[in-house]
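Presented below is the structure to which this report refers.
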Amino acid sequence: MKKLYHINSYKTIKVILLTVLLLSFHDIRAQNEENKDGDKLYFTMEKPYQTVNVGQVKGKKVKNVILMIGDGMGLNQISMAWVANHGKLNLDNFKQTGLSRTYAANKLITDSGAAGTAMATGQKTNYHAIGVDINGNPLPSLTDLAHEKGLSTAIVVTCGLTDATPATFCANNTDRDLEEEIAADFLDCNVDFLFGGGRNKFTQRKDGRNLMEEMQQRGYKSVKTWDETRTISSGKVFAVVEDGQLAKASERGDIWQQASMQAIDLISKNNKGFFAMLEGSRIDDYGHWHNIPDLMGEIFDFDKTIGKVIQWAEKDGQTLVIVLADHETGGLTFLDGDIQKGQVEGHYSTGGHSGIIIPVFAYGPQSEQFVGVYENTEVFSKIADILKLN
């Protein structure tokens, strides 16, 4: 009997090990589903795009603030994009720069929920939380405060609207993964121009509600395509143009650029001013997936939009533009490259986020307020003070 016990135990162990191996293989295959060729660590940009050259705005009055977030975009990502575009980026126009610390309240390495909440509300919160404090109490965001002061607001992203960063400006939840609950919060967020993906969270819900129709009932022009969106010239806009995220930059063209400028044009009609949050969301995705070619495509789309935004801000003269990241993704190292050829080579150290300090770029009146080293919560405080939202 003792010998039989050992045989059965051995067979049991073999079954367990085989099961673990099969599950591991399934996880690895699932992780590589988006990138079947494995890591893509080289990129060459044969024909660079033209960048803009703007002058520095004189004066101190700030009527509008545009916050541009490159999700997962650290200094190595920016450095590689600069080399790949043959030594030019629209970011080169920014003379005032700072550094922001990104850690969450309960975890050193943050996520977009906690980092976005810090910038949107001015309080550090727990990992994965959305627009709430460490005890789960809801916090007002910059868009909430701007609306209360009579300013217009906009959120334009390349991810789903219920994804972490945009959600921190419109929702309150202890868990960013509860996206159907987060979607329902958009009914009361009062943002004037909303553009992004994630339509299934609004229309294909367990509770059977169609939140796009409910947004229409609340006075929004609720649309499902870019062709519908681009024709709107007035009123409140709720444009959810994909079931999931927007397509990657090489496939979507300049839709996000156009949507960002359309939002600015519409909300700038408010004489009291506006606050806009524009996120290049999918920079983060290609950091997670170790895909430098598509990462470069996302940063280029983001930088081209920066060029259009600062040209608009230069002409306006009373608009402050802030460009930063919520965190760095992938632990990217810039290994080698060639500026003349637009070649870059990199290496990733993680499939998640890193805790490295991230750059902040500011252009326009009072841009000097963003120089120095500070917590990400200070982004909120500085914007709130400048727009007199407190």
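The values are calculated or read from the model by the stated rules, or taken from the named source; none is laboratory data. The shown structure was predicted, so the numbers you read here are calculated from the model rather than taken from an experiment. Glycine gets a Cβ as well: all are built from the backbone with ideal geometry, and neighbour counts include every protein chain shown.
Being surrounded by fewer than 24 Cβ atoms within 10 Å (Cβ to Cβ) and among the polar types (S, T, N, Q), is that true of even one residue in region 154-169?
Restricting attention to region 154-169, the residues satisfying the condition of being surrounded by fewer than 24 Cβ atoms within 10 Å (Cβ to Cβ) are none.
Within region 154-169 (the criterion being surrounded by fewer than 24 Cβ atoms within 10 Å (Cβ to Cβ) and among the polar types (S, T, N, Q)), the answer is no, since none of the residues qualifies.
For region 309-338, a residue qualifies if it is closer than 17 Å to ASP92 by Cβ and either in contact with a Lys or Arg (Cβ under 8 Å, 6 or more places away or on another chain) or without any contact (Cβ under 8 Å) to a residue 60 or more places away in the chain (or both), but none of them does. Which residues, taken from region 339-384, are outside any loop (DSSP other than H, G, I, E, B), under 26 Å from GLN318 (Cα atoms) and more than 23 Å from the chain's Cα centre (by Cα)? Selection gives GLU368 alone. How about region 358-372: which of its residues are surrounded by fewer than 18 Cβ atoms within 10 Å (Cβ to Cβ) and of a type outside the set (Asp, Glu)? VAL371, GLY372, listed by residue number.
When each of LEU139, LEU151 is tested for being of a type in the set (A, V, I, L, M), under 19 Å from THR110 (Cα atoms) and either buried (at least 23 other Cβ atoms within 10 Å of the Cβ) or modelled with pLDDT of 95 or more (or both), the lone residue that passes is LEU139.
The helices (runs of 4 or more DSSP H) found wholly in region 54-164 and carrying at least 3 residues that are touching a residue at least 24 places away in the same chain (Cβ under 8 Å) and within 28 Å of TRP226 (Cα to Cα) occupy 112-121, 142-148.
Scanning region 324-338 for residues that are in a loop (DSSP other than H, G, I, E, B) and of a type in the set (Gly, Ala, Ser) turns up ALA325, GLY330, GLY331. From the set of residues in region 53-73 that are within 24 Å of ILE267 (Cα to Cα) and among the aliphatic types (A, V, I, L, M), which is surrounded by the most Cβ atoms within 10 Å (Cβ to Cβ)? Ranking the candidates gives ILE69 first. If you take the residues of region 339-389 that are polar (S, T, N, Q), out of contact with any Lys or Arg (no Cβ under 8 Å at 6 or more places or on another chain) and touching a residue at least 60 places away in the same chain (Cβ under 8 Å), which of them is farthest from VAL54 (Cα to Cα)? Across region 339-389, the extreme among qualifying residues is SER354.
Applying the condition of being charged (D, E, K, R) and surrounded by fewer than 14 Cβ atoms within 10 Å (Cβ to Cβ) to region 225-252 and asking which residue is nearest to the chain's Cα centre (by Cα) yields GLU251. Note on region 94-110: among residues that are surrounded by fewer than 21 Cβ atoms within 10 Å (Cβ to Cβ) and under 18 Å from the mean Cα position of the chain (by Cα), the one that is nearest to GLN311 (Cα to Cα) is LEU99.
The set of residues in region 256-280 that are at positive phi and aromatic (Phe, Trp, Tyr) is empty. LYS206 falls short of the stated requirement of being at pLDDT 95 or above, among the basic types (Lys, Arg) and surrounded by 23 or more Cβ atoms within 10 Å (Cβ to Cβ).
All of ALA104, ALA115, ALA120 fail the test of being of a type in the set (A, V, I, L, M, F, W, C), in contact with a Ser or Thr (Cβ under 6 Å, 6 or more places away or on another chain) and within 19 Å of TYR286 (Cβ to Cβ), apart from ALA115.
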